[in-house]
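Below: one structure, written as C-alpha cells.
None of the figures in this text is laboratory data; all of them are computed from the coordinates on show. Since the model is a prediction, treat every value here as computed from it, not as a measurement. Glycine gets a Cβ as well: all are built from the backbone with ideal geometry, and neighbour counts include every protein chain shown.
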Amino acid sequence: MSGQTLTPLQTTASVERRPRTGERRFDVFQVIPYIIFFVLLISVVLLNPRLLRLSVLETKLNAAFPLLCVTFAQSLIILTGGIDLSIGGILSIATAIAATQMTGDPGSIIFWTLAILAAGALAGAINGLIVTKMRVTPFIATLATWSIWSGIALFILPKEGGVMPAVLKTIVQKGGILGLPKSLYLVVLLALAWQFLKRTRFVTRLYAIGSNRKNAHLSGTPIHATLIMAYALSGLLASLGGIYRTIQYSTGSPTAGDPFILTSAAAVIMGGMSLAGGRGSIGASLIGAFILLLINDLNYFLGVSTFFTPMVQGVLLILAVAIQSLGNYLRQRRLAL
Amino acid sequence: MADLELKHAKKRFGAVVALDDATLQCNRGEVHGLVGQNGAGKSTLVKILAGVVAADAGEITLDGRPLNVRNPAAAIAAGIGMVFQELSLIPDLTVAANVFYGRERANGLGISPRGLQRDAAALFDRLGIQDLDPAAEVRDLPLAQRQLCEIAKVLARDPAVIILDEATSALGARDAEWLIETARRLARSGKVIIYISHNLRDVQNISDRLTVFRNGQDVGVRAAGEATADELVALILGRRASRLFPPRTEPIGHEVVLAGAHLAGGARLHDFSLSLHQGEILGIGGLTGQGQDELFRGLYGMLRLRGEVQAHGKPVQLSNPRVALGAGIRLALVPEDRASQGLVLALPVLHNLSLSVLPRLLKLGLVSSRDELRMSDELIARLAIRLNSRLAPANSLSGGNQQKVVLGRLLATEPAILMLYDSTRGVDVGTKAEIFQLLRELTAKGSAVLFYSTDVDELVNMSDRVLVMRQGRSEAELAGADLTEENVIRASLGEPVKRAGAPITTGQTALVAEGGVQ
Amino acid sequence: MTAVLNIVRRNPTVIMAYLLAFLMVVAVSILRPGFGSPTHLRSLLIEAAVIGIVALGQTVVIISGGIDLSIPWVLNSTAVLMTVLTLGQNERMIWAIPVVLLAAATVGAINGLAIAYLQITPVIMTLAVNGILLGVMAGVASGGLNIGYERGAPPPIILGLARNPILGLPAVIWIWLSLIAAITIGLARSGWGRYTYAIGNNNVAATYAGVNVKVMQVLTYIISATMSGVAGIILAGKFGRAYLGMGDPFQFGSVAAVVVGGASILGGSGNYIGTVAGALILTVLTALLPIFKLPAAAQNIVYGLVVLGTVYLAGLSRAKESY
C-alpha cells in the first residue's frame, strides 16, 4: 500500500458506496413504542367508538397536553443523563401565578403568560446552575428544588383555588379549526417542535453529554452552558403545561404538578429513552405519554378500578426497563464486547 | 525559537509529580516523536497542549504567540488537534456526527444526518480512508474502526498541530500505513505532527526528530535517523536495563498448575492455548489489543471464555473472581487499571489490603482489629509500601505504592498463580525493581506467575518463556536463546522470528505442550 | 464505643450537625418554654426515631450506591397488613409480626434482585414498586382512606410502644438505640459493612477483589424494606391506626436525613451516626417552623434549602470532575 497514491477526490462520493461495516440493522426496539401505541389506540377505539367523536377527542387531547409538555421537558433532561424531580413544582408555580394574577384583560393575559414562562425558565436555569456550578447531582438537586418550588407555589396559592378568565378556555380549548380540535394542533406543534429541535447543534450536544460527558468535554462541548439551557427550556415547557392545565381546570392548585413527576418519567421510559442518557427520541417519549393515557382509558373500560392505575404503571415501568436491559445485554452479546 | 513551544512545564497530581520542568520544541514541517516509559510525562505534556490538563507552570507558544489552552474547546479553537489514546468519541452518535462534532453544517432546516454522512464520505475519499462507514454508530464499531474515526475527526478540523497519542495501537497494517503516510504528508504541508508510541521502531521510522522523556523531564532531543536504539533505550531508562531484573534461583517445577486449550472470548481472543508450570514465570507479549485483556479477564472469571481451562490438573469453571481466588484454584489477578479496577481509592489502605480475605479475619462476624492490623503490617513490610498511615485513603499514595497495595491485597490470598496485567505501567523504576524481586521470591516458593507487559525489555528479562499474542492467537513461543527483544517485537508485528541456530521460520508456532491440555 | 469515637473524630460535620440540633432546641426552649419540656422533647424524639429507623435502611442503601424510593408504601403496606392480621389482639402478634416483617423483606428482596441481576436502575425499580404497592393498597381498600378505622386498632402492645415508658423512655426509643448500636457497629466493623462501603465506592474493583456484589446489593434492599416495615408498625402504634398516605412524608425525609447527615448521595461514604443527626435536625426544624408561625410553604422552602446547602457543603471536600 505504501507508495500507492491516494485516491483522487471523487465529486460524486455517495454514502451508499461506503462499506456497511457498522451495524446498521433496523433497530427493532425503537419501533416498539409506536406499535404498542397503535395497538392500544385501536383497542380503545374499538371498545369505545364514541372516542372518535370530536367533542370527546377534544376533551382527551386537552387533558393530554400538559402531560405532553412535561414529558417533553423531562425528556430533555433525561437525554443528558439526569432527571428533573422538580418539574412538578415548576408546573405548580405556573398554575399558582396564573390562577391568582390573570384577569380577563388581554394585556394581562399576555403579560402574565410571558411572565410565567419566564419564571419557569428561571426556575429551570437555577436547577441547571445547581447541577453544574454547584456540582450537585441532578437527583438530589432537583429533589431539593422540588421542595423549594412547591413551597413557593404554596406561598402564592395556599389552597386550591384562584380563578382563570373564562375567555381563555373558550379561545384555547373549545371549538375547532377546520373541524379539528385546537388541542390537536397544539400537539402537532409540539411534535414539530421536536422535529425542528433535533436538527440543532444544541440537541446534538445534549446527546453527547448524556452519551459520554467526558468525551463531550474533550470534544469541545460547552457543557455547563448547554445543561443550563436544557434545564431552562425544560422549566419553560413545564410552566407552559401548567398554564394550559390551569385553563383547563379553571383554577390553580399548589400541588398540581406532583402527579406529573412520576408519570413523565414513566412516559419517557415507555418511549424507549434510556435513563442513562444519550439515546432515544423525544417524539417517542410523547408517544409514551399517549400510551400511558390510553392505558388509563383501557383500564376504565375494562372495569379496572382506577386505584390500580399506579400499580399498572409500576409494572409497565419495570417491564419497559427490563426490556431495555435485555436489549442492551443482547447487543453486547452479539458484538461480543 | 521553534514553531510550537511548551517550556518549563510543571504539573503534579496530588503526591505524584508528572512534569518537572519539561520543555518541548517542535517545528512545522516535521514529525516529532515523543518517547519514554509510562509515567515519564509524555501523555501529561500533550494533554496540557490539548487543554485537558492545566499546567501548574509553563509557557506555551505557537508561531511565537502565546496559546490559550484553558480547556479542550479553547485548544481546538487554537488549532490543536489531538487523537486521544482512550478516544474522545461519543458512542451513541454516528461516525459522521462524531467527525463533524461542533462544526456541523446547517441549512435553514437544521442539521441533516444524511448531509453529514455525505460530507463524511467525501472527506474520507479525500483523505484516503477506506474502512469507515459514516452511518454506523460508534458504539457498534470495533476498536480499530473507532480509532480510525477518532483520527478522521481530528483531521477534519484541519488543525495546525496534530498530536497522535498511540494512534496506531489498534489499527490493522493497512490503516496503520495509511496513517503514517498521511502524517508525513500533513507534516510536509506545514503542520506540526507530534507522534507518541510505545513502539520504538515505529517512532523512529516516522519521526524526523524525537524527544525522550524520563521522570517528568525531557532528557534529550535527537534526529531520528541518527539515534541508535541503544542510545535511545539508555536515555529512556536512565540506567542499564539488566540491573532491574533479579535472576532465577530455583528450577521450574514440572506440575502444570494452569492450562488453557483453545481459549476464545470477548471481541479479540480467538484461539489461544497455554500451560503454566509451577515456579514458572510465563510472559505474554504482543501489541496492545491483541486479546491479552480478554485472556486475563477470562481466566479470572470476569469474562466468559470458550475452551477448556484446567487448574492443578482438574477442569474448572471460572465464572467469577470469587471462584478464581477460592481454595481449589487460588488464582489472583492484578488488574490493568489500578485506579478503577484494583483499588477502592477512597477507602483506607488497611481496608483495601484486607478486602479479598475478610472472611478469614472475622471473629463473631466482626473484623478482628488485631488480626487485620497484623496482616497489614506484614504486607506493608514485605512489600516496602511507603505510606504515612494505614488509615489514609489509598488515593493518597503514589502510583508505585498504590500498585503495591493491590499486590498486597492479592498476596494475602496466598495465590498459587499470580497474574499481572501490565502492572508496571506508570510505576517508578525503583518500585519496578522491587516488584520483580517479589515475583522471583514468589516463584522460588512454588507459585507460578503469568504476566503481560507492554515493556519488551521487562518481558524478555523476567520471563522463562514468552507467548506472543497477535490477533487473538499465539503468534510465537519464545524461550531460551530465542527469547530476545527483537524476536518479541518481530512476533508482535507478525514477522518471522529469528531462531538461534535455525533458518528463519514463518509465524505460527505450535504450542510446546508438556502434558496437560492440547 | 471506639467505633463511635472514631466516627466522630473523622467526621467533623457530624459533630457540627449534632451541635446545631442541640443549639436549635436550646434556643427555641428559651423563646418558648413549652418547647423544652420533657413531654415535648420525648414526642420530638419519637418522631425523630421513626424518621431515623426509616432512614437507617436508606443509609445502608445509599452507602452501597443505590437509593430506595419504595419506602413510603412499604411502610404503609406493612402498617395496614399488621393491623389487619392482628385485629387488635396481642396474642396474634407472635406470628403476625414476623409474617409482616417477612413480607416487607420479600419486597426488599424483589427490589434487590431486579436491581442486581436485571440491572434495572434503583430509581426506577424502587419507584415502580412504590407505585405498585400504592395501587394494590388503594385498590384493596377501594378508596377507603382509613382502613384502620374500619378494621380496628393495632394491638395494645404496639400502641404502647410510643407511649408507655420503660425506664423513663418509650419502647420506641430503646428500639432505636439498639438499632443505632447494631448498624453502627455493623457498618464500621463487620465484613458486611466493609463490603457495603467497597461496593458503594467502586463496585468494579470490589468484584475484582472477590466480593459478591450482587448478593450484597440484594441484602441492602432487604434491610431497607424491613426497616420501613418496622417503622410502619411503630407509626401505626403511634397514630392508633394505619391510614393510606402515612408513608408519604418519608420519601423526601429519608433521603434528606441521610444526606444532611453527611453521606454522599453517590454512595461509598457516610455512616448512621450522621443520619441520626440528620433525623434530629429535620425533626427539630419541622417542630420549629410552626412556632415562628411560618406557613407550610416556608417549611418546604426551608427543607429544600437545608438539603441543598448540606449536600453542597459536603460535596466541597470531595474531589470532583472539572467539567
Residue by residue through the range C:280-290, what is 3J(HN,Hα) from phi via Karplus (6.51 cos²θ - 1.76 cosθ + 1.60, θ = phi - 60°)? Round to whole Hz and write x for glycine and proline. 4, 4, 5, 5, 5, 4, 4, 6, 5, 4, x
Residue ranges of DSSP H helices in chain A that stretch 20 Å or more (Cα, own long axis) and have mean Kyte-Doolittle hydropathy of at least 0.0 are A:28-47, A:54-79, A:87-101, A:106-132, A:138-156, A:182-197, A:223-249, A:282-301, A:309-335
Beta carbons within 10 angstrom, averaged per residue: use that to sort the peptides B:317-324, C:32-39, highest first. B:317-324, C:32-39
Treat the range A:272-316 as a sphere of radius equal to its Kirkwood radius over Cα pairs and apply Stokes-Einstein at 4 °C in a medium of 1.567 mPa s; give the translational diffusion coefficient in µm²/s, rounded to a whole number. 111 µm²/s
What does the structure give for B:400-410 when I average, per residue, the other chain Cβ atoms found within 10 Å of the residue Cβ? 1
Per the charge dipole of chain B (beta-carbon charges, Lys/Arg positive, Asp/Glu negative, Cα centre), the residue among B:313, B:410, B:479 reaching farthest to the positive end is B:410
Along the principal axes of its C-alpha atoms, what lengths does the range B:116-272 span, in descending order and rounded to whole Å? 64, 45, 24
Put one equal scatterer on each alpha carbon of the range C:234-323, apply the Debye formula with no solvent term, and list log10 I(q)/I(0) at q = 0.11, 0.13, 0.21, 0.26 1/Å to two decimals. -0.39, -0.53, -1.09, -1.30
Of the residues C:228, C:171, C:19, the Cα lying farthest along the dipole of the range C:2-314 towards its positive end, which is defined by charges on the beta carbon of Lys, Arg, Asp and Glu, belongs to C:19
What trypsin sites (Lys or Arg not before Pro) in the range B:45-118 are in a loop by DSSP, with at most 13 other Cβ atoms within 10 Å of the Cβ? B:70, B:103, B:105
Residue A:118 versus residue C:204: modelled label distance in nm, points set 7 Å from Cα along the beta carbon direction: 4.7 nm
Based on the Cα coordinates of the range A:118-244, what is the per residue volume of their convex hull in Å³? 127 Å³
Reciprocal of mean inverse Cα separation for the range C:236-279 (Kirkwood radius, Å): 11.6 Å
Which number comes out as Rg/Rh for chain A once both Rg and the Kirkwood Rh are worked out on C-alpha atoms? 1.03
Can you give me the P(r) profile for the range C:169-289? Cα pairs, bins 10 angstrom wide beginning at 0, each as a whole percent. 11, 38, 34, 14, 3, 0
Rounded FRET efficiency, nearest 0.05, which uses the C-beta distance separating residue B:68 from residue C:20 and R0 of 45 Å: 0.50
Report the label-to-label distance for residue B:86 and residue B:126 in nanometres (one decimal), using points 7 Å from each Cα along the Cα→Cβ vector. 3.2 nm
Using Cα atoms only, what is the angle between the long axis of helix B:113-127 and the major principal axis of chain B, expressed in degrees (0 to 90) to the nearest 10? 90 degrees
Within the range A:285-319, name every residue whose backbone N is under 12 Å away from a label modeled 7 Å from Cα of residue C:140 along the Cβ vector. none
Mind checking which lysines have their Cα closer than 19 Å to the Cα of residue A:169? Skip sequence neighbours fewer than 8 apart in that chain. A:60, A:182
On alpha carbon coordinates alone, what is the Rg over Rh value for the range B:4-241, Rh being the Kirkwood radius? 0.98
10 Å Cβ neighbours from other chains, averaged over peptide A:258-266: 2
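How big is the equivalent ellipsoid of the range B:165-222 along its three axes, where each semi-axis is √(5λ) from the Cα gyration tensor, reported in whole Å from largest to smallest?
So the equivalent ellipsoid measures 21, 15, 9 Å along its semi-axes.
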FRET efficiency, residue C:182 to residue B:188 (Cβ-Cβ, R0 60 Å, nearest 0.05): 0.25
For the residues A:217, C:40, what sequence is obtained by ranking on other C-beta atoms within 10 Å, fewest first? C:40, A:217
Positive-end residue, the protein assembly as shown charge dipole about Cα centroid, Cβ charges, pick of B:224, B:459, C:186: C:186
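Rank-order B:290-300, B:332-342, B:432-442 by packing density, defined as the average count of other C-beta atoms within 10 Å over each peptide's residues, highest first.
Values: B:290-300: 24.7, B:332-342: 21.4, B:432-442: 18.2.
Taking the mean over residues of other Cβ atoms within 10 Å, the ranking is B:290-300, B:332-342, B:432-442.
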Quick check: from the Cα gyration tensor, does the range B:342-412 come out rounded (a/c under 1.5), prolate or oblate? prolate
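Compute the FRET efficiency between residue A:306 and residue A:45 as 1/(1 + (r/R0)^6), taking r as their Cβ-Cβ distance and R0 = 22 Å, and round to the nearest 0.05.
Once rounded, the FRET efficiency stands at 0.65.
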Under a no-solvent Debye model with one identical scatterer per Cα of chain B, what's log10 I(q)/I(0) at q = 0.06, 0.07, 0.12 Å⁻¹? -0.31, -0.42, -1.21
Approximate spin-label separation residue C:157-residue C:292, in nm, with each point projected 7 Å along Cα-to-Cβ: 4.4 nm
Report, in debye and to the nearest 20, how large the dipole of the protein assembly as shown comes out about its Cα centre when Lys and Arg carry +1 and Asp and Glu carry -1 on their Cβ. 1960 debye
Ranked list, fewest to most other Cβ atoms within 10 Å of each Cβ, for C:18, B:195, A:329: A:329, C:18, B:195
Along the range B:142-159, what does the Karplus equation 6.51 cos²θ - 1.76 cosθ + 1.60 (θ = phi - 60°) give for ³J(HN,Hα), rounded to whole Hz, x for Gly and Pro? x, 4, 4, 6, 5, 5, 4, 5, 4, 5, 4, 4, 6, 5, 4, 7, 6, x
Note the angle between two axes, namely the Cα long axis of helix B:399-411 and the longest principal axis of the Cα atoms of chain B, as a number of degrees from 0 to 90, rounded to the nearest 10. 30 degrees
Return, for the Cα atoms of chain C, the radius of gyration and Dmax in Å, separated by a comma. 19.5, 61
Once every Cα of the protein assembly as shown carries one equal point scatterer and solvent is ignored, give the base-10 log of I(q)/I(0) from the Debye formula at q = 0.05, 0.07 Å⁻¹, two decimals. -0.39, -0.77
Once the Cα atoms of helix B:369-383 and of chain B are each reduced to a long axis, what angle between those two axes, in degrees from 0 to 90 to the nearest 10, is obtained? 70 degrees
